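Novice: One structure, pasted below without further comment.
None of the figures in this text is laboratory data; all of them are computed from the coordinates on show. Everything quoted here is computed from the prediction, not taken from an experiment. Cβ placement follows ideal geometry from the backbone for every residue including glycine, while neighbour counts extend to all protein chains displayed.
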Ligand SMILES: *Cc1c(COP(=O)(O)O)cnc(C)c1O
């Protein structure tokens, strides 16, 4: 066979590829504010038209870029745009993607310290910065993950390995009924039967009832079960509710449980003074899940699991093999593969490190503070719309509301609000989503993109006011 070197692009060819992509990306970013907040009309047909069999020969790059930027990418929720106030936004800093370009092209190995000590240290710096943000001591550590789901999973496995016997089926874990479903998924993946997870009721502000938690633990012990883990919420996905994190710490200590805080949405608000107050006690957790692809505005695929006791994380994840190099014992020289479920993976740390190294943390702090202000502002505006009821006051940057005309039963109110949400979104300047709060259909606003500012929030409120007005007047 003749050798084929066509995969080894020349310097000129590689420059051409990068520049062609750069052109498209710059146009894309510049047009974000004008793009619809969501547009999936015709998405099904598009998806059908994209199914293809394995090509033997290639097509010109320009044709592929046309396909991506003109057809594929526009048919979607515009999760990078300023009008995306749905689920949990973040936006995706484009310069974090430049870090991805560097890490992808240099393709260094970050799973084993000895393979690239500097590369691993840059990633460790990012983790240490996160520890500092949540008030963890200098000897705390952790790993970067693909997101909060995997962080919660690794935390749960760590707690299980530390506190339960090999036959762990007697174990029980505790979450509020507002916890993210990734905790239930983690328990399922870790091998716990359905009945191992206790869903503790919440108070009027959607915070776990610490008294009910203590009772449930007592009942389980009396029945011969082994309570081992409590998961607190530092910002629920539904309403942004923050549990009594100090109170949960007390219960966990008294009962000898592992204390994990799911701060995937809310954790980075600890950078602000107000956030720190709301999140008081988070530093008492044994482990904390953070999602830099939410509150630090990084592109999707960046989560973090922080632990107070790095040794516990290692004991839960470390295995050895003859073909692996010797591992370090020194926490200053982390072998990330020994602390996580992954071995080969991308250099996630660079995309977290580069934007912070470029800007310092100040702009992130100020952006998060601004999101808290915008949410309070939006809540005041919502209150002034006749017929609107606030279903969840903001604790961080989420507010939930509904239109509630007098004289309608709950079912009719739910139907009305489903209609209202659709009408707001049809204007395409903002994209909102809904949830159910105590059986009530609630419209949520979540402000967390670095691109969302007062101008877009005014548009959001204009649209809500106008559509609420068409559906209801006194
Ligand atoms: C988003 C979220 C998760 C899941 O994180 P992924 O990054 O989507 O895997 C878990 N918990 C909370 C509170 C979240 O907001």
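Novice: Given R₀ = 30 Å, FRET efficiency for residue 169-residue 28 by Cβ-Cβ distance, to 0.05?
Specialist: Efficiency, rounded to the nearest 0.05: 0.05.
Novice: Same structure, new question: Take the alpha-carbon centre of the stretch 210-262, take the same for the stretch 399-427, and report the distance between them in whole Å.
Specialist: Rounded to whole Å, the Cα centres lie 34 Å apart.
Novice: How long are the three semi-axes of the equivalent ellipsoid of the stretch 101-359, in whole Å, if each is the root of 5 times an eigenvalue of the C-alpha gyration tensor, listed from largest down?
Specialist: 30, 22, 14
Novice: Please work out how much length the chain gains when fully extended from residue 324 to residue 205, using 0.36 nm per residue of separation minus the C-alpha to C-alpha distance, in nm with one decimal.
Specialist: So the extension gain works out to 37.8 nm.
Novice: Per the Debye formula with a single identical scatterer at each Cα and no solvent contribution, what log10 I(q)/I(0) holds for the stretch 15-146 at q = 0.12, 0.17 Å⁻¹?
Specialist: -0.75, -1.13
Novice: If you build the Cα gyration tensor of the stretch 158-300 and take the root of 5 times each eigenvalue, what three semi-axes come out, in whole angstrom, biggest first?
Specialist: With the √(5λ) rule applied to the stretch 158-300, the semi-axes are 25, 17, 13 Å.
Novice: Send over the semi-axes of the chain's equivalent ellipsoid, whole angstrom and largest first, taken as the square roots of 5 times the C-alpha gyration tensor eigenvalues.
Specialist: For the chain, the semi-axes come out at 36, 35, 20 Å.
Novice: Related question: Dividing the convex hull volume of the alpha carbon atoms of the stretch 71-151 by its residue count, what do you get in Å³ per residue?
Specialist: Spread over its residues, the Cα hull of the stretch 71-151 gives 153 Å³ apiece.
Novice: Per the helix-only calculation at 222 nm, which mean residue ellipticity applies to the chain, given -39500 (n - 2.57) for every DSSP H run of n ≥ 4 and division by its residues, nearest 500 deg cm²/dmol?
Specialist: -13500 deg cm²/dmol
Novice: Subtract the Cα-Cα distance of residue 95 and residue 56 from 0.36 nm times their separation in residues, and report this length gain in nm to one decimal.
Specialist: The residue 95-residue 56 span can extend by a further 10.6 nm.
Novice: Then there's this: Treating the Cα atoms of the stretch 363-471 as identical point scatterers in vacuum, please give the log10 of the normalised Debye intensity I(q)/I(0) at q = 0.10, 0.11, 0.21, 0.22 Å⁻¹, two decimals.
Specialist: -0.27, -0.32, -1.12, -1.22
Novice: Sequence gap at least 6, Cα distance under 8 Å: using those rules, report the relative contact order of the chain to the nearest whole percent.
Specialist: The normalised contact order for the chain reaches 21 percent.
Novice: Oh, and also: Multiply the residue gap between residue 359 and residue 107 by 0.36 nm, knock off their C-alpha separation, and tell me the result in nm, one decimal place.
Specialist: Going from the current span to full extension adds 88.2 nm.
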